[in-house]
Amino acid sequence: MLRYVATAVLLIACQPDLTAGNFPALLPDAQGDGAMLDSAATPASNNMTGTWVLASDWSTCVSLGDRIESRSYTLTRVDMQQTGYRLLEKREVCSVATTPLLGLVTVVPPAALASGNPIFVQSTLLGAGYAGGVEAQLWGVKMQDPTADPMPTQNTDVRIYDADNDGHPGVTMHVGTACDLYVAQRALSAVTAERQPGGSYAGGAVRINEQFVLGATKGFCETPYTMQSNDALNKARLVRVDHVGLDLDANRDGTVDCGEILEHQEAIIHWTPPDDTRCNP
């Protein structure tokens, strides 16, 4: 299904408003590179309590005359607590990166990223499967119920606030060096994955994005494009990175932080480059 959204929504695959049917059970898919990446990450036990990284690789088809694929790459630090089959997760989004569109890359500054953290998610272990709970990430807007409350439709909505403290409403995204875009945004996502021989989990994901544009430094930043999520080509990996897994604690302070995760992301996932043929079967 198509909808019209602003340039910066390339950060997240776009779909219709959330309903009970938007997050069906996904068939896990190892995506082919798990065994190689897991060569040094075999957990000592099946207890998942510890520090993990959720790497999400998203596909979106954009209509700009021709249909092109945009990829979005997210690295999220996850503090996991396992109780039986329940997983209580405290998530911290470390980075969001996108492939260029018309030669411009939309950048989410660290202050904007930090404004949506932490995110609390309840997930479930199903045998060798991981059923991630719905993650609700809010940027620049406050909601009582992040999964069900309506998005703002007016700049005067009292729920909108300067989340990144830069003097502009919502959060600020940089569209290359051309202009800045001010938005309020909600992203809902869920991952389903399967345990791999090396101890990580690999599979797929779905994501819904809703964005309200509050303004821009130049008008063309607000130009709408037709975009379509390509959920069948999303992939996700959940990899343990503490001393039981990849052991990315380089400074030996007992914590694996976002800086250490970003420095070693090639050990966590091989990002998928964009390929326009995926949007033109």
Item to check | Filter result for ALA193 (buried (at least 21 other Cβ atoms within 10 Å of the Cβ) and outside any strand (DSSP E or B)) | outcome: no
Checklist entry - Filter the stretch 165-190 for residues that are in contact with a Gly (Cβ under 9 Å, 6 or more places away or on another chain) and in a loop (DSSP other than H, G, I, E, B); which is farthest from LYS142 (Cα to Cα)? => result GLY176
Next on the checklist: All but one of (1) surrounded by fewer than 16 Cβ atoms within 10 Å (Cβ to Cβ); (2) under 18 Å from the mean Cα position of the chain (by Cα); (3) at pLDDT below 95 hold for LEU102; state the number of the condition that does not hold.
Outcome noted: (2)
Item to check | Hits in the stretch 143-178 - residues which are surrounded by 14 or more Cβ atoms within 10 Å (Cβ to Cβ), closer than 26 Å to ALA55 by Cα and of a type outside the set (A, V, I, L, M, F, W, C) | outcome: PRO146, ASP164, GLY170, THR172, HIS174, GLY176
Item to check | Any hit, the stretch 142-157, residues being closer than 27 Å to LYS90 by Cβ and in contact with a helix residue (DSSP H, G or I) (Cβ under 7 Å, 6 or more places away or on another chain) | outcome: no
Item to check | Among the residues listed as LEU238, LEU246, the single one being crowded, with 23+ Cβ neighbours inside 10 Å and either free of Cβ contacts under 8 Å to residues at least 24 places away in the same chain or not in a strand (DSSP E or B) (or both) | outcome: LEU246
Item to check | Contacts under 7 angstrom Cβ, first residue in the stretch 213-234 being in a helix (DSSP H, G or I), partner of a type in the set (Val, Ile, Thr), 6 or more apart | outcome: CYS221/THR7; CYS221/VAL175; GLU222/VAL213; ASP231/VAL206
Checklist entry - Looking at this structure, is SER63 in contact (Cβ under 8 Å) with a residue 12 or more places away in the chain and either buried (at least 22 other Cβ atoms within 10 Å of the Cβ) or in a helix (DSSP H, G or I) (or both)? => result no
Next on the checklist: Among the listed residues GLY140, GLY127, identify the single one that is buried (at least 18 other Cβ atoms within 10 Å of the Cβ) and at positive phi.
Outcome noted: GLY140
Item to check | Matching option when the condition is touching a residue at least 60 places away in the same chain (Cβ under 8 Å) and under 17 Å from the mean Cα position of the chain (by Cα), among VAL171, VAL121 | outcome: VAL171
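The values are calculated or read from the model by the stated rules, or taken from the named source; none is laboratory data. The model shown is predicted, which means the values in this text are computed figures rather than measured ones. Cβ: placed from backbone, ideal geometry, glycine included. Neighbour counts: every protein chain shown.
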